[in-house]
Amino acid sequence: MSDDNLRELFRELRDEPVAADSLARVRAGVYRGIEARRKRFFAFLALATAAMVFLAVFALTPRQRLAAPRPTSPLPVTVPAIIEQPREQAPVRPQIRSVARRKKKQPEKPVLIRIETDDPEVVILLVGN
Amino acid sequence: MRAHGTRIMRTALRILGNRADAEDVAQETFLRLHRRGIQFESDASLAAWLYRVAVNLCLDRTRARKPSAELRDLRSPGISAESAAIRQQSRDILLAALEELPARERAAVVLREIEGLETPEVAEILGVAEATVRSQISKAVSKLRARLARKEV
């Protein structure tokens with residue numbers, strides 16, 4: 001077979017049309033793939049949005065809202081008395097003073113002056129410090 | 001896709017020799033184009049990119065398995081019976097011979113001889129030097145000619 005014949009055969013192969021059903025299948029497959037990718041993208045977007053909303057609602061809300069609700073019953077709330085436990089303290093060594101003790105001042109006795117008058121029933125008493 | 005679909009499909013079919021695999025490769029090629037979202041300066045650069053992706057996908061597949069004997073799939077349905085009989089015999093021999101070539105040589109022949117690309121384009125698509133492409137094509141054509149001569153005898 002000559003080179004020309006070979007080239008002719010190659011050219012014929014180039015000119016041969018591709019089966020239309022093959023091309024249609026490829027096209028349909030591509031569109032399916034694009035659609036599936038789009039769906040995955042929107043699903044991801046929805047998940048991301050939901051996560052953002054969740055964070056916004058639960059993480060950024062003030063803590064008071066999250067606190068336990070107050071009891072609505074009219075009964076008085078009894079709060080148990082808090083008993084303070086005596087704290088254990090480390091033993092303190094008594095300080096030993098070498099200074100001599102001061103003498104305590106004795107309270108002075110009030111001065112009592114008794115003045116007797118001529119009348120035996122009248123006595124004048126003067127009290128002073 | 002309409003503009004390049006036929007060429008990509010034909011190339012994949014000539015390299016792989018299996019219609020189902022060729023459809024898969026063509027589909028994956030266009031999906032990759034969509035995924036990348038690449039903007040091409042010209043139609044020629046888009047075609048080169050598509051060829052490169054398709055040929056690489058084909059070569060990956062041929063590494064994984066041996067090509068089937070389905071290379072004769074791509075037949076023209078519109079050719080008349082008499083002339084088609086003669087042409088088809090030669091074509092079948094050529095396709096069978098093409099199937100026996102190593103995958104890289106087959107890819108080079110398909111791109112250069114069947115798709116009609118220039119040697120530098122083929123070299124760029126295959127990621128090899130132009131000299132390598134020329135050498136591969138030369139070897140491949142020699143093998144094809146020898147095979148066809150043997151069959152004709």
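Read the figures in this text as sums done on the coordinates, not as results from a lab. As the structure is a computational prediction, the values presented were derived from the model and not from experiment. Quick reminder, even Gly has a Cβ in these numbers, built from the backbone with ideal geometry, and neighbours come from all protein chains shown.
Suppose R0 equals 41 Å. What FRET efficiency, 1/(1 + (r/R0)^6) with r the Cβ-Cβ distance, do residue A:53 and residue B:44 give to the nearest 0.05? Here the calculated transfer efficiency is 0.25. Calculated FRET efficiency, residue A:28 and residue B:34, Cβ-Cβ r, R0 22 Å, to nearest 0.05? Efficiency, from the Cβ-Cβ distance: 0.95.
For region A:1-68, the Kirkwood hydrodynamic radius from C-alpha pairs, put into Stokes-Einstein at 25 °C and a viscosity of 0.890 mPa s, yields a diffusion coefficient of 138 µm² per second.
Summary of packing: across the peptides B:104-113, B:135-144, B:49-58, the per-residue average of other C-beta atoms within 10 Å ranks them, highest first, as B:104-113, B:49-58, B:135-144.
Please give the net charge around residue B:54, taking every other residue with its beta carbon less than 12 angstrom from that of residue B:54, where Lys and Arg add +1 and Asp and Glu add -1. With Lys, Arg at +1 and Asp, Glu at -1, the net is 0.
Partner shielding of A:37-47 amounts to 0, given as the average count of beta-carbon atoms from other chains within 10 Å of each residue beta-carbon.
Taken residue by residue and averaged, Cβ atoms of other chains lying within 10 Å of the Cβ of A:22-35 number 6. Per-residue extension of 0.36 nm, minus the Cα-Cα distance of residue A:108 and residue A:20, leaves a gain of 18.3 nm for this segment.
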